[in-house]
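First comes the structure, then the notes that go with it.
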Amino acid sequence: MSANDFRSRQLTIQVLFAGVALLLVGKLLQLQLLDKTYAERAQNTAVEKFTLYPSRGLIYDRNGALLINNELVFDLLVTYNQLDPKMDTARFCELLHIDVEEFKTRLNKDWKNPRFSKRKPFIFLNSISAENFARFQENLYQFPGFFVQSRSVRSYPQPYAAHVLGFIREVDQKELDEPGSDYQLGDFIGGSGLERSYESVLRGVKGSRFVLKDNVGRVVGSYENGMLDSSAIAGENIYTTLDIDLQRYAEDLLRNKVGSVVAIEPKTGEILAFASSPTYDPNLLRIGQGRGEAVQTIGRDSLKPFFNRAVMARYPPGSTFKLLVGLIALQEEVIRPEQGVNCPGYYAYGGSSWGCRSHPHPGSLVQAVQYSCNTFFFQTFRKIVDKESFYKPEVGYDIFVKHLLGFGLGHPLGIDFPNEAGGNVPTSEYFYKIYPKNQGGWKSPTIISLGIGQGELLLTTLQMANLTAAIANRGYYIKPHLGKQLGMGKEARPAFQNLEKHQVGIEGKYFEPIIQGMTAVVEAGTGRSAMVPEFRVGGKTGTVQNPHGADHSTFIAFAPVDNPTIAIAVYVENAGGGGRYAAPIAGLLLEKYLKGSISPQKEFYEKLMLETDLIHKP
């Protein structure tokens, strides 16, 4: 080989080595300076972020009585790689009241799942009570890899208002995957009631703490002297519109009955009582190890205690609906207040007849309301529907429906509460689907049962209370709501924003004969059991036909008549006439709210309502 060839080969080798060296240096620069992935990965092995959980906002009634409190519990976390394989597993399980199988199940995760890592802590056991934790803490040093993190869960000073307050639960996968969600596995979230509707203000803001760890994962100190740490911010407290004394009394009166009560302050739309029966003690659903069994027990109950009948059940309103029929007829000028009808005890048309109870002659609208005359309201309803023509019933009926929608019927009212049902107001199109035009269609007699609140018409108890408030206000309502105020002092602000008046579309003058009739119902009619000494009450009973069993009992009322401060609706399933149970329950609640106590002359009704069992002894 010549000298020139040797130098040429040497140069080639040098260039090759130089090229490889440049490639290595370039890759190193990319890894250390340009690509942050490796730097972040290295930092993650040295720095650990711990979440600091905020205290959830407290919930109070309108008078400042505490309804939901916070109680400190402890989550036990574990870092798998730091476990001592020689730890006393039996002793560990004994201290936490679990068995070895549960220990293995809780410890072994799907390590292929990116949510879990053997080098990062995960929740081994959550919501350990302070009592159990105190016993376990003394022995915690024996179990390397385990450490404790505290947070607060709900407790309930009073065993009432479970449906209103709601409960918290762990977030599910859908909530974790929502865009913008900052929830993490194991976090709590409002699951129902006010806990759910006011989740955004109750939950607060999480804080964080960064710590340094050595190469085996042990905490050795604070990262950057805490410069990156942030404190948790507690959730806001909520003052509700609820009167817990009235709520308690409503639930007591409904005990061993199926039904609901809604009471509203007419001038503000604030809900004073919101009771559904059967109910349950909210403490049964406190976060803890006995919660699952309680949920299953309540869920298996055939009477469905989780079902909130105040806002989810849809009922025919019965004779209470006659008030709206009268108001609409006056507004549409198809009747005059002084008009009466001849009632032979039934209403007949075209070979069919519909019954009416025995009562004196209804010589006016006031007396028709007082006696709850079916014949009067059958005829009145037909006059509304046939306003244009007997052969064009959809014209008059559409006007009728428009008025019902104005009272907030047929659709959710839009309160600050989840799962509100909208009831049902059938339209003319609905009836033409059942009775097609090419087969004769329908006429006012076809749907005559609507005139007395039967048939396809369905309302919630909330809607019944709201329409009562609209009558008490002589023509308007404010959306019912349960949130009154957020916070206290100078920073306090309304919890519910939609407080404008909703006009129902009936002139104020037309409410007077209806209210006179309601007053006569209580003072000399079927609602006498709702009388309140020293106060004038306007009310209306309803007996709702039930093809599946005993009739339902319902009653709506407001008081005082001249300056209403409370409007109420009571619905008791399978309880017979409206005057048997719904009216006396309403009367007791009115008196409790207006006077603060029950007068001696009403103690008979109180004892009877409290002791009556319509579930086990119908």
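Consider segment 351-369. How many of its residues are of a type outside the set (Ser, Thr, Tyr) and either closer than 20 Å to Gln331 by Cα or not assigned by TED's automatic domain parsing to the domain that holds Gly453 (or both)?
Within segment 351-369, the subset of a type outside the set (Ser, Thr, Tyr) is 351, 354-357, 359-363, 365-369.
Retained after the next criterion (residues that are either closer than 20 Å to Gln331 by Cα or not assigned by TED's automatic domain parsing to the domain that holds Gly453 (or both)): 363, 365-369.
The qualifying residues number 6.
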Q | In segment 211-231, the residues that are modelled with pLDDT of 85 or more and crowded, with 17+ Cβ neighbours inside 10 Å | A | Asp229
Q.
Scan segment 315-324 and tell me whether some residue there is more than 28 Å from Gly422 (Cα to Cα) and part of a loop (DSSP other than H, G, I, E, B).
A. no
Q. Residue check: is Gly576 touching a His at 6+ places or on another chain (Cβ under 9 Å), at pLDDT 95 or above and surrounded by fewer than 24 Cβ atoms within 10 Å (Cβ to Cβ)?
A. no
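Checking the conditions here, which among Lys433, Lys402, Lys387, Lys437 is in the same structural domain as Tyr315 (by TED's automatic domain parsing), loosely packed, with under 14 Cβ neighbours inside 10 Å and either among the polar types (S, T, N, Q) or touching a Gly at 6+ places or on another chain (Cβ under 8 Å) (or both)? Can you show your working first?
Details: Lys433 fails: either among the polar types (S, T, N, Q) or touching a Gly at 6+ places or on another chain (Cβ under 8 Å) (or both); Lys387 fails: loosely packed, with under 14 Cβ neighbours inside 10 Å; Lys437 fails: either among the polar types (S, T, N, Q) or touching a Gly at 6+ places or on another chain (Cβ under 8 Å) (or both).
The conditions single out Lys402.
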Q) Would a scan of segment 124-133 turn up a residue that is within 28 Å of Glu71 (Cα to Cα) and loosely packed, with under 14 Cβ neighbours inside 10 Å? A) yes
Q: Give just the number: which of (1) more than 30 Å from Leu96 (Cβ to Cβ); (2) among the basic types (Lys, Arg); (3) touching a Leu at 6+ places or on another chain (Cβ under 7 Å) does Lys322 not satisfy?
A: (3)
Q: List the strands (runs of 3 or more DSSP E) that sit entirely inside segment 130-229 and contain at least 1 residues that are of a type in the set (S, T, N, Q).
A: 146-155, 207-213, 219-222
(Q) Cβ-Cβ distance below 7 Å, separation of 6 or more or different chains: which pairs start in segment 98-123 with a residue that is in contact (Cβ under 8 Å) with a residue 40 or more places away in the chain and in the same structural domain as Leu76 (by TED's automatic domain parsing) and end on one that is surrounded by 14 or more Cβ atoms within 10 Å (Cβ to Cβ) and not in a loop (DSSP other than H, G, I, E, B)? (A) Pro121/Leu77; Pro121/Val78; Phe122/Leu77; Phe122/Val78; Ile123/Asp75; Ile123/Leu77
Q. Within the set of pairs 6+ apart or on separate chains, which have a first residue in segment 489-501 that is surrounded by 12 or more Cβ atoms within 10 Å (Cβ to Cβ), a second that is among the aromatic types (Phe, Trp, Tyr), and C-beta atoms under 9 Å apart?
A. Ala492/Tyr239; Ala495/Tyr198; Ala495/Tyr239; Lys501/Tyr476; Lys501/Tyr477
Q: Determine whether Phe378 is buried (at least 23 other Cβ atoms within 10 Å of the Cβ) and either free of Cβ contacts under 8 Å to residues at least 12 places away in the same chain or more than 26 Å from Gln516 (Cβ to Cβ) (or both).
A: no
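Do we have any residue at all in segment 373-385 that's on the phi > 0 side of the Ramachandran plot and in a loop (DSSP other than H, G, I, E, B)?
Within segment 373-385, the subset on the phi > 0 side of the Ramachandran plot is none.
No, segment 373-385 contains no residue that is on the phi > 0 side of the Ramachandran plot and in a loop (DSSP other than H, G, I, E, B).
Sort out which residues of segment 51-71 are farther than 15 Å from Lys206 by Cβ and of a type in the set (Phe, Trp, Tyr), and write them in order of number. Talk me through it step by step, then tell me what you get.
Restricting attention to segment 51-71, the residues satisfying the condition of being farther than 15 Å from Lys206 by Cβ are 58-71.
Tyr60, the sole residue that qualifies.
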(Q) Return the pair list, or none, for Cβ contacts closer than 8 Å from residues in segment 62-76 that are farther than 23 Å from Ser192 by Cβ to residues that are part of a loop (DSSP other than H, G, I, E, B) and at pLDDT 95 or above, at least 6 apart or on different chains. (A) Asn63/Asp243
**Q.** Every residue from segment 538-578 that is farther than 16 Å from Val261 by Cα, in contact with a Ser or Thr (Cβ under 7 Å, 6 or more places away or on another chain) and of a type in the set (A, V, I, L, M, F, W, C)
**A.** Val544, Val561
Q: Residue by residue through segment 548-566, note down the ones that are in contact with a Leu (Cβ under 9 Å, 6 or more places away or on another chain) and assigned to a strand (DSSP E or B).
A: Ile556, Ala557, Phe558, Ala559, Ile566
Q: All but one of (1) crowded, with 17+ Cβ neighbours inside 10 Å; (2) at pLDDT 95 or above hold for Glu507, so report the exception by its number.
A: (1)
Q. Which residue, of Leu284, Leu330, Leu303, Leu272, is aliphatic (A, V, I, L, M) and touching a strand residue (DSSP E or B) at 6+ places or on another chain (Cβ under 7 Å)?
A. Leu272
Q) What about Ser150, is it surrounded by fewer than 15 Cβ atoms within 10 Å (Cβ to Cβ), farther than 24 Å from His481 by Cα, touching a strand residue (DSSP E or B) at 6+ places or on another chain (Cβ under 6 Å) and at pLDDT 85 or above? A) no
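So is Ile585 farther than 19 Å from Glu611 by Cα and of a type in the set (A, V, I, L, M) or not?
Values: farther than 19 Å from Glu611 by Cα: no; of a type in the set (A, V, I, L, M): yes.
No.
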**Q.** Leu77 crowded, with 18+ Cβ neighbours inside 10 Å, in a strand (DSSP E or B) and under 35 Å from the mean Cα position of the chain (by Cα)
**A.** yes
Q: May I ask you to say which residue of Asp88, Asp75, Asp84 is over 27 Å from Arg209 (Cα atoms) and either aromatic (Phe, Trp, Tyr) or in the same structural domain as Gln173 (by TED's automatic domain parsing) (or both)?
A: Asp88
**Q.** Residue within segment 274-285 that is surrounded by fewer than 18 Cβ atoms within 10 Å (Cβ to Cβ), closer than 19 Å to Thr461 by Cβ and without any contact (Cβ under 8 Å) to a residue 60 or more places away in the chain present
**A.** no
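The values are calculated or read from the model by the stated rules, or taken from the named source; none is laboratory data. All of these numbers come straight from a predicted model, not from anything done at the bench. Counting neighbours? That spans all protein chains shown, and the Cβs are built from the backbone with ideal geometry, glycine included.
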